[in-house]
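All of the numbers you see were taken from the coordinates with simple rules; none came from a lab. What you see is a predicted model, and the numbers here were worked out from it, not measured in a lab. Reconstructed Cβ throughout: ideal geometry from the backbone, glycine too, with neighbour counts over all protein chains shown.
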Amino acid sequence: MKRRTNTLAQPNRKGLRGSFRLKFLAVVLSGILVAMIGCGYWVLNTASGFQWLLSTTARISNGMLIIEDIDGTFSDMQIGKLHYQDEALQLAIHQFKLDWSPGRLFAGELLVRTIDVQRIEVYTRPSPDEDTEKTVLPDDLSLPVDISIQSVSVEEIQLYSLEDDQPAQQPDFSITGLSLRLDSDSQRYHLSHLSLNNSELGALSVSGHILTAHPFKLKSDIRLDNVANWGVTQAVLSGSLELLDIKLIHQKAPMRAVAVIRLDPFAQSAADQLKSLHASVTELNPADLFPDDPDIPKANLALQAVVKHNGIDRLVGRLALQNSATAPLDQKGLPLSGLSASILFTEEIFKLGNLRILFSDQGLISGNMAWYFGQSTGQAELKVSNLNPAAIDTQLQPAKIGGMVQFTGDTDTQHITIHLSDQALKLDASAVHATNRIALEQLDLRHGQSRLTGKGELNLGDDDTENNAQTFQFTGQLKQFNIADFVQGAESNLNTRLDITGTLSPELSAVLDYQFEKSHLNHQPVTGKGQITYEAPLLLDSKADFQIGSNRVGIHGKFGRPGDTLALRITAPTLAQAGFGLSGSLEAQVDLRGTADAPTFDFTIDSQALVLTEGLSVDNLSAEGHLHPKTLALMLKADELRSDGETQLKQLDLKLIGEKSAHTLQTRVHVNDEITAVLHADGGLIGLDKPDASPVWQGRLTELSVTGQVPVALQAPAPLTLSSERVDFRDARMSIAGGLASINRILWSQQQWQSDGFFSGVKIHSDSDLIPGEELLHLGGKWHFEAPASLSRLTGDIEITREKGDWYLPGELPQAVELQTLELKASARNGALAAQFDLNSTLIGEINAQLKLPALQAENGELLPPSTRLDGELNLAVPDLSWLDQLTDSALQAGGAVKLQTRIAGTLEKPVLQGDIRGEQLMVALLDIGLNLHEGELKARFDESALHIEQLS
């Protein structure tokens, strides 16, 4: 039988095998997918998976990324420290917390609930200058996902510069208290708020929105608040990125500045970016802007500037300034009375035309100034007319100076020439600044026969070569030079030659060579010649003599090397011969030996009726002492120390003796007939062998006593540390006015200062012996203040309260006011001060006051400058005014009830009161002048600085 073959079986078996492979592949892929999903779930939703992800990322970063203290999950993470580093950047983030929803990304939304950071440190290296491409307006600002950042909080951000591969010790810029909320969708970005603080700039707050579609319309409000230093700045941005309008308002009473600016931010030329500018400033006082610099002059300036487009790439405008409070420089004023100029700005030129600078007393400087961008050249030609030097500084002699001042130059070389004169005075000078060189080519100042000539040069060195030494030299000569021809001073006829040479770097050095011939000053002969050589850090070589009349000064010898000796001798029996407001006699001998690291010296000083400049005088002054390798000594006595004619100290005795490491200090200061202070201390200097650090005096205050109405006495020795960088006084117990005061600590350093302590049983005297001591008012209190080197961050509290006793009105028979409450409380938080005062007396009535100061800031040594803003209220209720009779010597009789309620605003210099005062059953009788009012009624109100009486009957 023929065998049949099943031709259909083969393909079926192959199909089964193929189907099996597909199923197997599907199973494998499904397994992989499940594994990936599982791994993804493990990574994204478990703490162990999240830690593995970040640890793996850090390992493969080759040390660029370091992550420490990982906790939480991918959606709710906490990182103790994250550190990133590359060639140009170092970034450290401390205590980072992120709560967000990764799953919302699939729905097209980035949702961040919170970002919290304790501190961010950013170290950057200066980037090389690079040519940047011109920016262009984008086509669209939308993102592929919507954004919702509900809360961002960063406690502190510090920005540092990387120099020589070492991080800077102090941050270049720091931010505290950063807070942010941001939302966006396909149509707009909305910044609900952005706030941050900087200790110097103040508190910044920003809000606004911008549309994502062209032309990107926007609106934003910005406020920078720094009341203590700079005032308050507000800015409103509107318009679009094609045409942006900015309105700025800055206020620091009484100064106010307003600027309205229109910009095209993406215009290709700088001249075309600014479309218009209108700016005005009123009541600007430069001294208010820099309160810590006493050399800044005072003025009352008003400024106006208008700039607008006049054709393509062409800006024209006008600048005007007026000063309504002109004063000479030596009177802390500004002699400038006005300035005006036309403005032209294009791509090729910036020009101030028709420039007029007006001074008080009709002085005028006029001309034109221009800078050409294409050629990088500039020129200025200024005409001086009728300029009176005495109007600029009253110490200068009056004159009417005219002439020309010309400037020409480019980026490499600048040249200035001056030709000024009046009938007798003439000044010719020229100087040039070229590459690495400044040369005074000519200086010729003449007034009749009086003449000063000179020339000099300063070589700035070359940083690109090994020879980068900065050398200088000046040669000058005086011929029949009369100081009184130029400044208010003594008549003179000086003939001298002066040569100065030296280097500024790499080490400072200088040689002074002078010689006087046939000279007179203040009608006294002047002689002297010498050479003084100085080399850093402190090497001296001197052969110098100088004599005016019978007053002689000599400096001879060397100092700075072992075995050197330098002697200073002053013999001045008649200082008045020298002029300059000096008088009296002075004898001084100083012998200086050794080196700067280990100096030794002996000195004696003796003077009689010594009068110095600015009204400072002392009747008798004697001092002698020495500083030797191991021992030191000082004895100082002074009688009748006066300032501006007023006696400041009647007598001062100071004695210091012992070794450097262990010595005693005894001081007795007789201030006046009532007050005498005695201070004793023992201790020693440490750190003298460390040239890079300031020496520190460390010891104990063993005695401190003060006599007077408030007597003070130290009860036990208290530790004391003094240096130029730190003062630390602690654990001091004192008796004060019959009570006890405890100073736990007084600390001052460049980084911080603090003070805390308490007092109790302090008696307030009323200058009457009729009141028993236990019935006097006893006060107690406590205090604690601290600040990190700046009053703007002062924090603390002080409290003063009545413990017992009463206050007595003065008089032959003192009357108690029957105090029930007397309390003063003050607190400071981040520099802002708040105070409250409460008094309740059966006789006087009730007084309640609250006062707030927005910020404390020392200005020119004043803790509370006159411009300090006030915010408070005062309430007073007096049931009977009869107690006023006790306060006057006249035959006054008063009575009736008074109530006062008022708000307090303005400044310490100009307080503003707003409120009302009411009086009932008032009685005022002054029998001496026949005034007798009874049953009076008073209704009045305060309106700023005025009192408006509505009813008085």
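Under 8 Å for C-alpha pairs, at least 6 residues apart: give me the relative contact order for the stretch 360-422, rounded to a whole percent.
Details: 132 pairs, mean separation 17.9, N = 63.
About 28 percent, as a whole number.
Could you tell me what percent of the DSSP beta bridges with both partners in the chain are antiparallel, to the nearest 5?
On the way: 462 of 478 bridges.
For the chain, the DSSP antiparallel bridge percentage is about 95.
What is the distance, in nm, between label points placed 7 Å from the Cα along the Cα-to-Cβ direction at H784 and at M923?
5.2 nm
Taking the simple approach of a point 7 Å from Cα along Cα-to-Cβ for both D916 and A677, what is their distance in nm?
5.0 nm
Quote the FRET efficiency, to the nearest 0.05, computed for V727 versus D140 with a Förster distance R0 of 51 Å and r equal to the Cβ-Cβ distance.
Working: r = 62 Å, r/R0 = 1.22.
Working from the Cβ atoms, E equals 0.25.
Which chymotrypsin sites (Phe, Trp or Tyr not before Pro) does the stretch 375-479 hold that lie in a coil by DSSP with at most 10 other beta carbons within 10 Å?
Values: sites: F407, F472, F474; in loops: none.
Here no chymotrypsin sites (Phe, Trp or Tyr not before Pro) fit, given the DSSP loop and packing criteria.
Could you state the angle between the C-alpha long axis of helix 9-45 and the longest principal axis of the C-alpha atoms of the chain, as a value from 0 to 90 degrees rounded to the nearest 10?
20 degrees
Could you tell me which of rounded, prolate or oblate describes the stretch 561-659, using a ≥ b ≥ c as the square roots of the eigenvalues of the alpha-carbon gyration tensor, with rounded for a/c under 1.5 and, failing that, prolate when a/b is larger than b/c and oblate otherwise?
Oblate, because a/c is 1.5 or more while a/b does not exceed b/c.
Indicate the gyration tensor shape class of the stretch 424-536 (rounded, prolate or oblate), computed on the Cα atoms with a ≥ b ≥ c the square roots of the eigenvalues: a/c under 1.5 is rounded; otherwise a/b larger than b/c is prolate and the rest oblate. Before the final figure, lay out each step's value.
Numbers: a/c = 3.67, a/b = 1.71, b/c = 2.14.
The shape class here is oblate.
Calculate, in nm to one decimal, what S240 and T707 gain on full extension: separation in residues at 0.36 nm each, minus their alpha carbon distance.
Numbers: separation 467, 0.36 × 467 = 168.12 nm, distance 7.30 nm.
That pair, S240 and T707, stretches by 160.8 nm at full extension.
To the nearest µm²/s, what D does Stokes-Einstein give for the chain at 25 °C and 0.890 mPa s, using the Kirkwood radius over alpha carbon pairs as Rh?
Result for D is 65 µm²/s.
Can you give the FRET efficiency for E109 and S192, using 1/(1 + (r/R0)^6), R0 = 22 Å, r = Cβ-Cβ distance, to the nearest 0.05?
On the way: r = 17 Å, r/R0 = 0.77.
Efficiency, rounded to the nearest 0.05: 0.85.
Output the 0 to 90 degree angle, nearest 10, between the alpha-carbon long axis of helix 47-59 and the longest principal axis computed from the alpha carbons of the chain.
Between helix and principal axis, roughly 70 degrees.
Have a look at the stretch 477-567 and give its Rg and Dmax from the Cα atoms, expressed in angstrom.
Using the Cα atoms of the stretch 477-567, the pair Rg, Dmax is 15.6, 47 Å.
If each of L933 and T795 carries a label point 7 Å out from its Cα toward its Cβ, how far apart are those two points in nm?
Computed distance between label sites L933 and T795 equals 5.2 nm.
As a check on your grasp of the helix formula, calculate [θ] at 222 nm for the chain: sum -39500 (n - 2.57) over DSSP H runs of n ≥ 4, divide by the residue count, round to the nearest 500. Please list the in-between numbers first.
Working: 5 runs with 62 residues, N = 953.
One gets -2000 deg cm²/dmol as the mean residue ellipticity at 222 nm.
Past 24 Å, Cα to Cα, is the threshold; run K275/K351; K426/K455; K247/K298 against it and keep the listed order.
Numbers: K275/K351 18 Å; K426/K455 17 Å; K247/K298 28 Å.
As for pairs spanning more than 24 Å Cα to Cα, those are K247/K298.
Select from the stretch 445-552 those GluC sites (Glu not before Pro) which occupy a DSSP coil region and have at most 12 other Cβ atoms within 10 Å, ordered by residue number. Don't skip to the answer; put the middle values down first.
Numbers: sites: E457, E466, E491, E507, E517, E535; in loops: E466, E491, E507.
Hits after loop and neighbour filter: E466, E507.
Just how large is the dipole of the chain about the Cα centre, in debye to the nearest 20, putting +1 at every Lys and Arg Cβ and -1 at every Asp and Glu Cβ? Intermediate values should be presented prior to the final figure.
Details: 78 positive and 119 negative charges, 916 e Å.
Once rounded to the nearest 20, the dipole reads 4400 debye.
For the charge dipole of the chain, defined by +1 on Lys and Arg C-beta atoms and -1 on Asp and Glu C-beta atoms about the Cα centroid, which residue among S220, S184, S238 has the Cα displaced farthest towards the positive pole?
It is S184.
What length, rounded to one decimal in nm, is gained on full extension from I500 through to Q251, with 0.36 nm per residue of separation minus their alpha-carbon distance? Present the calculation step by step, with values, prior to reporting the outcome.
On the way: separation 249, 0.36 × 249 = 89.64 nm, distance 4.94 nm.
Extra length from I500 to Q251 when fully extended: 84.7 nm.
Sort out for me the Cα centre separation of the stretch 400-414 from the stretch 565-587, rounded to whole Å.
Distance between centres, Cα-based: 43 Å.
For the stretch 214-347, place one equal point scatterer on every Cα, skip the solvent, and apply the Debye formula. What is log10 of I(q)/I(0) at q = 0.09, 0.18, 0.21 Å⁻¹?
The Cα Debye sum returns log10 ratios of -0.36, -1.07, -1.19.
Using a 10 Å Cβ count of at most 14 others and DSSP loop calls, identify the longest part of the chain lacking such trypsin sites (Lys or Arg not before Pro).
That gives 631-953 as the longest site-free run.
How high is the relative contact order of the stretch 383-517, given as a whole-number percent (alpha carbon pairs under 8 Å, six or more residues apart)?
Details: 338 pairs, mean separation 19.1, N = 135.
Over the stretch 383-517, the number comes to 14 percent.
Pull up the DSSP beta bridges for the stretch 214-347 and report the antiparallel fraction as a percent, rounded to 5.
Working: 60 of 62 bridges.
Close to 95 percent.
May I ask you to derive the relative contact order of the chain, considering only C-alpha pairs under 8 Å and at least 6 residues apart, and to give it as an integer percent? Intermediate values should be presented prior to the final figure.
Details: 2598 pairs, mean separation 25.0, N = 953.
After rounding, I find 3 percent.
For the pair L512 and A598, what calculated FRET efficiency results from E = 1/(1 + (r/R0)^6), where r is the Cβ-Cβ distance and R0 = 22 Å, to the nearest 0.05? Intermediate values should be presented prior to the final figure.
On the way: r = 26 Å, r/R0 = 1.20.
Working from the Cβ atoms, E equals 0.25.
Given Cβ point charges of +1 (Lys, Arg) and -1 (Asp, Glu) and nothing else, what value in debye, to the nearest 20, does the dipole of the stretch 360-422 about its Cα centre take? Numbers along the way, then the final one.
Numbers: 2 positive and 6 negative charges, 30 e Å.
It comes to approximately 140 debye.
Which Cα, out of L141, T435, Q901, lies furthest along the positive dipole direction of the chain (beta carbon charges, K/R +1, D/E -1)?
Of the candidates, L141 comes out farthest on the positive side.
Note the full-extension length gain between Q752 and A536 as 0.36 nm times their separation in residues minus their Cα-Cα distance, in nm to one decimal. Walk me through the numbers before you get to the answer.
Values: separation 216, 0.36 × 216 = 77.76 nm, distance 3.32 nm.
Stretched out fully, the Q752 to A536 stretch lengthens by 74.4 nm.
Report the charge-dipole magnitude of the stretch 365-480 in Debye, nearest 20, computed about the Cα centre from +1 at each Lys and Arg Cβ and -1 at each Asp and Glu Cβ.
Values: 8 positive and 13 negative charges, 170 e Å.
The calculated dipole for the stretch 365-480 is roughly 820 debye.
Taking square-rooted eigenvalues a ≥ b ≥ c of the alpha carbon gyration tensor, is the stretch 614-717 rounded, prolate or oblate, where a/c under 1.5 means rounded and, failing that, a/b exceeding b/c means prolate?
Numbers: a/c = 2.38, a/b = 1.44, b/c = 1.65.
Since a/c reaches 1.5 but b/c is at least a/b, the shape of the stretch 614-717 is classed as oblate.
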